[in-house]
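Have a look at the structure below, then the notes.
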Amino acid sequence: AQSVTQPDIHITVSEGASLELRCNYSYGATPYLFWYVQSPGQGLQLLLKYFSGDTLVQGIKGFEAEFKRSQSSFNLRKPSVHWSDAAEYFCAVGGNDYKLSFGAGTTVTVRA
Amino acid sequence: EADIYQTPRYLVIGTGKKITLECSQTMGHDKMYWYQQDPGMELHLIHYSYGVNSTEKGDLSSESTVSRIRTEHFPLTLESARPSHTSQYLCASTSDVGNTIYFGEGSWLTVV
């Protein structure tokens, strides 16, 4: 069975500070990994994805994530957050059938 | 920009009513999915389709049904809505080219 754990329910970060969101997954084969962002009342926007190759993945809005197979992790990072980054972030895992399992999400609050 | 659309965006309906949530994509994707998301919770796959006349149930049991008569449409129907069906329903689609899963903006359903 596949699953995702996002250990941090809520993170508060100051504008301009760095951000790291944790994601641990369980998957029986080589996983497809995704990070999505969701603003209130909106759908999901893809930030980045990993399928193979370079384990450091660059995404939109200045986000990056690193796939660590030995730790079953796919943590999301941003060097300097902006107030507009306040949202809920979801990590997801799946295979080539694209049936995704999502984590419970991490809510990011940005303080001025 | 994703070309996947959901209607209605918001719906308040009485118990026992029949409702259909529409999902359309103009990208010619074979694979389409419905996810259910309760407020503040993770998304759960409830239905998926790999092409016309192909529908399967997802990991989370749901009383809803789906159909796939045309590639671009994947409607979800509840024959008799109940308050327990109150949730957000997100539609998604993908093809094997580009490996990107696109999500609609979601349909918020409230059953009173």
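Brief remarks follow.
- Of all residues making up the stretch A:1-59, the number that are among the aromatic types (Phe, Trp, Tyr) and assigned to a loop (DSSP other than H, G, I, E, B): 2
- Within the stretch A:95-106, the set of residues being at the interface with chain B (Cβ under 8 Å from one of its Cβ atoms) and either in a strand (DSSP E or B) or more than 18 Å from residue B:100 (Cα to Cα) (or both) comprises A:101, A:102, A:103, A:104, A:105.
- When residue B:80 is tested against (1) over 16 Å from residue A:100 (Cβ atoms); (2) in contact with a strand residue (DSSP E or B) (Cβ under 7 Å, 6 or more places away or on another chain); (3) small (Gly, Ala, Ser), only condition (2) is not met.
- Search result, residues across the stretch B:14-55 that are of a type in the set (Asp, Glu) and touching a Ser or Thr at 6+ places or on another chain (Cβ under 7 Å): B:22, B:30, B:38
- Selected residue (criterion: surrounded by the fewest Cβ atoms within 10 Å (Cβ to Cβ)) from residues of the stretch A:42-66 that are over 22 Å from residue B:102 (Cβ atoms) and at pLDDT 95 or above: A:56
- Condition broken by residue B:49, with the remaining ones in (1) over 20 Å from residue B:88 (Cα atoms); (2) more than 10 Å from chain A (Cβ to nearest Cβ) satisfied: (1)
- Among the numbered conditions (1) β-branched (Val, Ile, Thr); (2) surrounded by fewer than 18 Cβ atoms within 10 Å (Cβ to Cβ); (3) within 14 Å of chain A (Cβ to nearest Cβ), the only one that residue B:4 does not meet is (2).
- Within the stretch B:54-69, being within 13 Å of chain A (Cβ to nearest Cβ) and touching a strand residue (DSSP E or B) at 6+ places or on another chain (Cβ under 7 Å) holds for B:56, B:57, B:58, B:59, B:60.
- Every test in (1) facing chain B (nearest Cβ under 10 Å); (2) modelled with pLDDT under 90 is passed by residue A:34 save one, and that test is (2).
The values are calculated or read from the model by the stated rules, or taken from the named source; none is laboratory data. Just so it is clear, the structure is predicted and the values come from calculations on it, not from any experiment. Glycine also receives a Cβ, built like all others from the backbone with ideal geometry; neighbour counts cover every protein chain displayed.
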